[in-house]
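Heads up: the structure comes next, in structure tokens.
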Amino acid sequence: MLTHLLPEFKIIRDDERCIRCEVCVRQCGFDVHSYDAEEDMLYADENKCVGCQRCAVMCPTNALTIKPHDYEYRPNANWSKEHIRDLNKQAETGGVILTGSGNDKPYRIYWDHLVLNASQVTNPSIDPLREPMELRTYLGRKPDKVEFDNNQVKVDMPAQVMIETPIIFSALSYGAISYQAWKALLEAADEGGTLCNTGEGGWPHELRPGKTRVIAQCASGRFGVDLDYLNSASIVEIKIGQGAKPGIGGHLPGEKVSADVSRTRMIPEGTDAISPAPQHDIYSIEDLSMLIYALKEATHYEKPISVKISAVHNAPAIASGMVRAGADIIALDGLRGGTGAAPKIIRDNVGIPIELALAAVDQRLRNEGIRNQASILVAGGFRNSGDITKAIALGADAVYVGTAALVAMGCTLCQKCYTGICNWGICTQDPYLSKRLNPEIAKRRLVNLIRGWSLEIKEMLGGMGINALESLRGNRLHLRAIGLDQWELDVLGVRGAGD
């Protein structure tokens, strides 16, 4: 069948700069570039290019330029180039269009419509270089009251986990990402005083000794879940939903299930790892409560239990039920959350932005008087420390970052994670490709990211006259909105700028 698909990217090679070194040939896992020895010429198949920029970055003479192809169809407001391309792709394959990374549609990004307050004279600002600034956060259920007996404090404190910064590495599973990438996240979390999340891919045994700053996920497929896995972690997370694909399960293709992934996930090598859409032992809040307390029993009530859901329109009611069912942490994953593989139609059309879900959940728990009974973690497209600071003001205890962590390691968001080919060595199990990622360098880049963002958060806190993150959490008076409708202000619980 003759394809009707035109190339997405144009490859421009400057022959005056090109020295025929063939670096581009070796660096591209998609076989875009080829060398003809007889003609001493390099050729490029633009139909295979995914725009990852690996060849351009590695070219020693900067002879390559990769940019979106400038072909155009007749202008049509209803039928964009992307719609026509997707339609042709399905007409030729009859399959579901898959994609990686997060939602890239121009939905309103509410962080860009919120601004923070600043102190002036009556409440002077604080210089974080000269005054102590507290970012330390404790995750877990807090007691309802503190009792005193002969001036002695009596508190039955549930399990708590301390992190030095409100930035946590999101659920990125071994299998979806390479061993090198997973190791870098683990070691960066350990050095940075924060946490990383196993995702649903298990936790390699050789990486467990001495490393406890891990959230061990218990997903519907139960991959890699056993007592040692649960008790080696600091937090256990029940995954019910994911922001990039609410309401559906997961699928790791068999070609990514290598021998090491097989051992870690406890499934046969080369077989597809299918995660059911529902957890088949959770069909009600009562079922969820039974699993929460089963995991608490298995971990001797020493670890907080988190429950992760997608940000959907009834998230506040769901979160309330989860807290009453015994969850110590609520994890919300929003519309722009990333993934290794998801049906494109699901990623782009299902769920709601994390800003609206967070504000609604925090307010619901406060209205019911149970906000202290669970911490709130949020995920879904956090790009910088400003987004994180605004999320804290909206009510979050801490923030998950996934795509930002991958970008810090080298990802260029080509959105082809599901193919198993990653020229940057991040989302692949191909040993030739994965060895390109040096875990020590990747770890250093991640630690630098956490450090830089934490310093910026301290600067913003100081500018607001606040010396501890606790004073900002849920304090929406420090936020003002620009360019939002009244219904959006009502959901977010903030006032307009100038008000």
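What follows draws every value from the coordinates through simple rules; no lab data is involved. Note that the structure is a prediction, hence the values are computed from the model and not measured. Don't worry about glycine lacking a Cβ; one is built from the backbone with ideal geometry, like all the others, and counts go over all protein chains shown.
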Placing one equal point scatterer on each C-alpha of the range 290-365 and summing with Debye, one gets log10 I(q)/I(0) at q = 0.11, 0.14, 0.18 Å⁻¹ equal to -0.34, -0.53, -0.77
Tally Lys and Arg at +1 and Asp and Glu at -1 over the other residues with C-beta under 9 Å from the C-beta of Phe9: what net charge comes out? 0
What distance in nm separates the two pseudo spin-label positions at Lys145 and Tyr71, each 7 Å out from Cα along the beta-carbon direction? 7.2
Diagonalise the Cα gyration tensor of the range 48-133 and give the resulting equivalent ellipsoid semi-axes, square root of 5 times each eigenvalue, largest first, whole Å. 44, 24, 14
From the P(r) of the range 9-95, could you give the percentage of C-alpha pairs in the tail past 18 Å? 52
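Given the rule -39500 (n - 2.57) for each run of at least 4 DSSP H residues, summed and divided by the residues of the chain, what is its mean residue ellipticity at 222 nm, to the nearest 500 deg cm²/dmol?
-8500 deg cm²/dmol
If eta is 1.306 mPa s and T is 10 °C, what Stokes-Einstein diffusion coefficient results for the chain, Kirkwood Rh from Cα pairs, in µm²/s?
It comes out at roughly 66 µm²/s.
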If the cut-off is 18 Å between C-alpha atoms, which lysines fall inside it for Lys344, apart from same-chain ones fewer than 8 positions away? Lys81, Lys89, Lys105, Lys245, Lys416
Do any trypsin sites (Lys or Arg not before Pro) in the range 130-231 lie in a DSSP loop with no more than 14 other beta carbon atoms within 10 Å, and if so, which? Arg130, Arg136, Lys145
Could you order the peptides 331-338, 378-385, 311-318 from most to least packed, using the average number of other C-beta atoms within 10 Å per residue? 331-338, 378-385, 311-318
Charge-dipole axis of the chain as Lys and Arg at +1 and Asp and Glu at -1 on Cβ define it, positive-most pick from Val96, Leu356, Pro60: Leu356
Quick one: which of 88-98, 247-257 comes out on top by average Cβ neighbours within 10 Å, and what's the full order, highest first? 247-257, 88-98
Within the range 458-479, find all residues whose amide N lies under 18 Å from a label point positioned 7 Å from the Cα of Val121 along Cα-to-beta-carbon. 465
Let me know the shape class of the range 188-330, please: from the alpha-carbon gyration tensor, a ≥ b ≥ c as square roots of the eigenvalues, rounded when a/c is under 1.5, otherwise prolate if a/b is greater than b/c, or oblate. oblate
Once you have the Cα-Cα distance between Ile482 and Glu92, take 0.36 nm times their residue separation minus that, and quote the gain in nm to one decimal. 135.9 nm
With label points set 7 Å from each Cα along the Cα-to-Cβ direction at Leu455 and Val155, the distance between them in nm comes to 3.2
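Starting from the Cα-Cα distance between Asp287 and Asp226, subtract it from 0.36 nm times their residue separation and give me the gain in nm to one decimal.
So the extension gain works out to 20.0 nm.
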Can you run phi through the Karplus equation (6.51, -1.76, 1.60; θ = phi - 60°) for the range 228-242 and list ³J(HN,Hα) in whole Hz, with x for Gly and Pro? 5, 4, 5, 7, 7, 8, 8, 9, 10, 10, 8, 8, 9, x, 9
Restricting to bridges with both residues inside the chain, how much of the DSSP beta-bridge set is antiparallel, in percent to the nearest 5? 45
Taking 35 Å as R0, compute the FRET efficiency from the Cβ-Cβ separation of Asn448 and Asn372 and round it to 0.05. 0.55
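Based on the mean of other Cβ atoms within 10 Å per residue, sort peptides 411-422, 118-129, 164-175, 26-37 so the most packed one is first.
164-175, 411-422, 26-37, 118-129
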Helix check for the chain. Which DSSP H runs span at least 15 Å along their own axis by Cα, with a mean Kyte-Doolittle hydropathy no less than 0.0? 285-298, 354-367
